[in-house]
Amino acid sequence: MSPSVRTRRVRLIGASAFALLLLSSPVAAQSAAEPHDHSQHGPAQPSPPQQSPAQHNHSQHGASPEGQSAPPTSAPAPSGGAAHHHHTDHKADHRTEKKSKPSSKHGAHPTSHGAPSRTAHRGHGAPKPAAALHGGHGGTDHDGHGDHGMKGFLGPYPMMREGSGTSWLPDTTPHEGIMGKVGEWSTMWHAYLNLIYDNQGGPRGGEKTFVNGMVMGMAQRQFGDGTFGVRAMLAPDPFMGPSGYPLLLASGETADGKTHLIDRQHPHDLFMELAAIYSHKLSPNSSVFFYAGLPGEPALGPPTFMHRTSGVDNPEAPITHHWLDSTHITFGVLTAGLVLDNWKIEASAFRGREPDQYRFDIEAPKLDSASARLTWNPIRELSMQVSVGRIRSPESLNPDVNETRVTASATYTQPFGQDNLWSSTFAWGRKILSPGATLDGYLLETAVIFKKTYTLFARAERVAETELHEDVPGLDGRILTVNKLTVGGIYDFYRTEHVKFGIGGLVSTYALPSELTPVYGSNPTSGMVFARMKVM
Ligand SMILES: [Cu+2]
C-alpha cells in the first residue's frame with residue numbers, strides 16, 4: 001500500500017467513525033436524558049388548551065414539545081426528555097409577554113421563585129399565584145424556553161441569542177438542539193455533516209469529494225446568580241487532508257507550512273472550540289461574563305458562518321472568511337464582557353497566529369493580540385456588531401506582518417407564515433496590514449427556509465485581494481477586487497424529530513478584473529452537490 005493510499009484509507013476510516021458516532025449519539029442522548037417532570041410546574045397541571053393569564057404555560061418552561069400541543073387531559077408524552085424546541089413557534093407568546101411585563105420581574109425566573117426545588121426546572125415549582133409565576137418569564141428573560149432550563153451563557157436573555165464564541169444572533173434564531181439534564185447540569189448538542197462533491201471551474205479550479213461539518217455539545221449549571229458552562233465544538237474537516245478543498249478566490253492559511261493555500265479553503269481544526277464560560281447576573285437584565293477558550297473565538301467579527309442562520313446551509317466557506325470571521329478558531333482566548341439589556345460590550349486577549357497545518361492537535365496558547373466588540377440587538381429580529389482587533393503576526397508565512405481588522409455586521413432573522421424563516425447577514429471587514437495594504441471585504445448572504453424543508457440560499461461577496469495573484473508575474477503587489485455570487489438550495493427529504501437528511505446543490509459565478517482573466521479563464525463557473533445530515 002502506498003503512503004497516499006494508506007493516508008486516504010485512514011481518513012476514510014476516521015470519517016466513517018465520526019459519522020457513526022454522530023448517528024449513534026441521538027439514541028444515546030435520548031435514552032440518557034431524564035424524563036421531564038411536569039409535576040413541578042405548579043397547580044395548573046394539566047393545562048387547558050386555551051391559555052388564560054392565570055395558567056402556566058409549560059411550553060415556556062423548557063417542557064418537552066408535547067407541552068405545547070398535547071390535549072388538556074393527556075399525560076406527559078414519553079419523549080425521553082430530549083426536547084426539541086421550535087422557538088419560532090412561540091413568537092406570538094413572547095411579543096405579548098414582552099409588552100405586558102415589567103422588566104423588573106425578569107430576574108425572578110432562574111432561582112428565586114421561592115419553592116424548594118427538586119431536580120429539573122428548579123424555581124418553577126412554587127405554588128404561587130399563577131399570575132406572579134408567569135410574570136417572571138416575560139421580557140428579555142425567555143430562558144428556560146423549551147430548553148430544560150438552559151439559558152444564555154453570557155447573560156439573562158434567551159439562549160437563542162447566542163452564536164459562536166461570545167457573539168450574538170437575533171433572538172428569532174431557531175435554536176436546534178437535543179436537550180438533556182444530568183444532575184444539576186443542562187446539556188445540549190447538535191451537529192451537521194455535509195458530504196460534498198465540489199467542482200471549481202477554470203484553470204485554477206479542481207474537484208474533490210469530502211466531508212465537512214461540526215458537532216457541538218454544551219453543558220451548563222447555575223450557582224446562585226452565576227451561570228457556569230462548558231462548550232465543545234468538533235469538526236470532521238481534518239479528514240479531508242491538509243490542503244482542504246478547491247474554492248476559487250479563497251485564500252488564507254497553509255497546508256504545508258511553506259506555501260499559501262490559494263483557491264482552496266483550509267480545513268478547520270478537529271477542535272474548533274473548547275471553552276468555559278462564567279457569567280454573573282448583576283440585575284434582571286445585566287451581567288458580567290468571562291470566556292476562556294483553547295481553542296476559542298475572540299470578540300471579533302460577526303458570528304461565524306456556520307453559526308448564522310443565513311450562512312449555515314451553504315456548505316462552502318465564504319471567501320471573506322479571512323476578513324470577517326476567520327478568528328473563530330484561535331488557540332488561546334480570554335474574553336471579559338458586560339451585558340446591559342440589549343447591549344453587549346466585550347474585550348479579548350488572544351493568540352494572533354492562525355492555526356497551523358496540523359489540524360488534529362491543540363496548539364500552544366499565547367495572548368499577544370487584542371480585540372473589542374460592541375453588539376446591539378435593538379429588536380428581536382436584528383443583531384448588529386462593530387469590532388476591532390489588533391492581530392499580531394497572523395500568518396506563519398509572513399510573520400513580520402501584523403493586522404488590524406475592523407468589522408461591522410448586521411444579521412436579520414424573520415420568521416414568517418407557518419414554519420418559514422428568512423435570514424440575512426450583511427458584513428464588512430477591513431484588513432489593515434502593517435506593513436502592507438488595506439483590504440476591504442463585503443458579504444451579503446440570505447437564506448429562506450420554507451416549512452423547515454426547502455431552503456434557498458445566496459451569498460454575494462466582494463474582496464480586495466493581493467494573495468491570489470502574488471505568484472503571477474506582473475501582478476505581484478497589486479490590489480485587485482474580485483466578486484463572487486453563489487446561489488443554491490437544499491431539499492430535506494427525510495425528517496424525524498431530531499434528524500434530517502437533505503440533498504442540495506449550488507452554483508457560483510465570478511466577476512473578475514481583466515488582469516485576472518488569463519489566470520482564472522474568462523468565465524469560470526463552479527458548483528457543488530451535497531448530501532446533508534443534520535442532528536438537531
Ligand atoms: Cu473557519
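Only the coordinates and a few stated rules stand behind these numbers; no lab work does. All values derive from a computational prediction rather than experimental measurement. Neighbour counts run over all protein chains shown; Cβ positions are idealised from the backbone, glycine included.
Tabulated values for the structure
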| item | result |
| --- | --- |
| Gyration tensor verdict on the stretch 301-381 (Cα atoms; rounded if a/c is under 1.5, prolate if a/b is larger than b/c, oblate otherwise) | oblate |
| Interchain or long-range residues, amide H under 5 Å from residue 264's placed H | 247, 250 |
| Interchain or long-range residues, amide H under 5 Å from residue 272's placed H | 233, 234, 235 |
| Highest average packing first - 295-306, 225-236, 394-405, Cβ atoms within 10 Å | 295-306, 225-236, 394-405 |
| Area projected by the alpha carbon convex hull of the stretch 158-535, averaged over all directions, nm² | 17.5 nm² |
| Phi to ³J(HN,Hα) by Karplus 6.51 cos²θ - 1.76 cosθ + 1.60 over the stretch 478-483, Hz, x for Gly, Pro | 6, 9, 10, 9, 10, 10 |
| Interchain or long-range residues, amide H under 5 Å from residue 304's placed H | 164 |
| For the stretch 434-440, Karplus couplings with θ = phi - 60° (6.51, -1.76, 1.60), whole Hz, Gly/Pro x | 9, x, x, 8, 10, 10, 9 |
| Counted charge near residue 506, where neighbours are those whose Cβ lies closer than 14 Å (Asp, Glu -1; Lys, Arg +1) | -2 |
| Sum of side-chain charges, residue 437 neighbourhood, beta-carbon under 13 Å (Lys, Arg +1; Asp, Glu -1) | -3 |
| Local electrostatic count, residue 353, Cβ distance below 9 Å [Lys/Arg +1, Asp/Glu -1] | -2 |
| Derived scalar couplings ³J(HN,Hα) [the stretch 471-477; Karplus, 6.51 cos²θ - 1.76 cosθ + 1.60; whole Hz; x for Gly, Pro] | 9, 8, x, x, 10, 4, x |
| Listed residues 479, 232, 265: farthest to the positive end of the dipole of the stretch 158-535 (Cβ charges) | 232 |
